[in-house]
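Heads up: the structure comes next, in structure tokens.
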Amino acid sequence: MKTKYEENPTENLTLNDAQIGFAQNTEPRCPCVILIDVSGSMSGEPIAEANAGLQDLKTKLVEDSLACLRVELALVTFTDTVKVEVDFCSPDQFNPPILTTGGGTSLGAAIIKTLEILKARCAEYRAAGISHYRPWLIVITDAHSGDDLFEAARQVKEAESQKKLAFFGIGVRTVDMASMASLSLRPPLHLDGLKFQELFEWLSVNLSSVAVSRPGEQVALTAPTWATV
């Protein structure tokens, strides 16, 4: 079944629904997409830890009332195809399904599709007169990409250089870190073991820090204790 982003970014969202949602909450938004590799190589303990970490992310952010107003989370998974598991929503509405694995790893195509999703959401903000923070894209993968990364890397670096994207590449286990490094101006990080819960706790802390800042303001991130060099 196609997601709404594969055809029309607003085909399942009426104009009235969008207007009502933004009218009820006029706070600036920080859109954050978590893009997770659910190919076959992530089966077993890695995907189980990722599922637990996503639940922890919700728990931590729900404790922050301002983050609940300003942070919007979306969950996207990929194998050979891309699937929007959870569309943009506030942390209290973020209810990720239990992710399962299988298939290949089309990382380049997944990143390009996710960038389109972020652009569509930011366009919705502008249409509603809602300001927004720099969008975040968290990419988590443990495999060598099965497709070309050149165009994805070009788009990511262009957006980063224009301060339109905060990109975080996170490699798991035997990932090709050289390929990950080619994607972004920001160096990738390698997850220490399977510390997914620590990773998502770090994400919640830093999204909360962004939520108390002003759009466009530089926010210092805390050091990632879940990563190895």
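The values are calculated or read from the model by the stated rules, or taken from the named source; none is laboratory data. All values derive from a computational prediction rather than experimental measurement. Cβ atoms come from the backbone with ideal geometry, glycine included; neighbour counts cover every protein chain shown. Side chains are part of the model used for accessible areas, which takes the heavy atoms of the whole protein and leaves out ligands, DNA and RNA. Shrake-Rupley method; radii C 1.70, N 1.55, O 1.52, S 1.80 Å.
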Original post:
If you take the residues of segment 37-72 that are touching a helix residue (DSSP H, G or I) at 6+ places or on another chain (Cβ under 6 Å) and not in a helix (DSSP H, G or I), which of them is nearest to Arg173 (Cα to Cα)?
Top reply: Val71
Original post:
Within segment 80-114, how many residues turn out to be in a helix (DSSP H, G or I), open to solvent by 10 Å² or more (accessible area, probe 1.4 Å) and aliphatic (A, V, I, L, M)?
Top reply: 2
Subject >> Residue list for segment 183-229, filter: surrounded by 13 or more Cβ atoms within 10 Å (Cβ to Cβ) and among the hydroxyl-bearing types (Ser, Thr, Tyr) >> reply: Ser184, Ser204, Ser208, Ser209, Ser213
Subject >> Any pair with Cβ under 6 angstrom, 6 or more apart, that starts in segment 153-171 at a residue that is assigned to a helix (DSSP H, G or I) and modelled with pLDDT of 95 or more and ends at one that is of a type in the set (Gly, Ala, Ser) and open to solvent by 20 Å² or more (accessible area, probe 1.4 Å) >> reply: Ala153/Ser182
**OP:** Could you check, for segment 182-203, whether at least one of its residues is touching a Leu at 6+ places or on another chain (Cβ under 7 Å), over 19 Å from Cys68 (Cα atoms) and at pLDDT below 95?
**Re:** no
Subject >> Index of the failed condition, Val212 passing every other in (1) over 19 Å from Val71 (Cβ atoms); (2) more than 19 Å from the chain's Cα centre (by Cα) >> reply: (1)
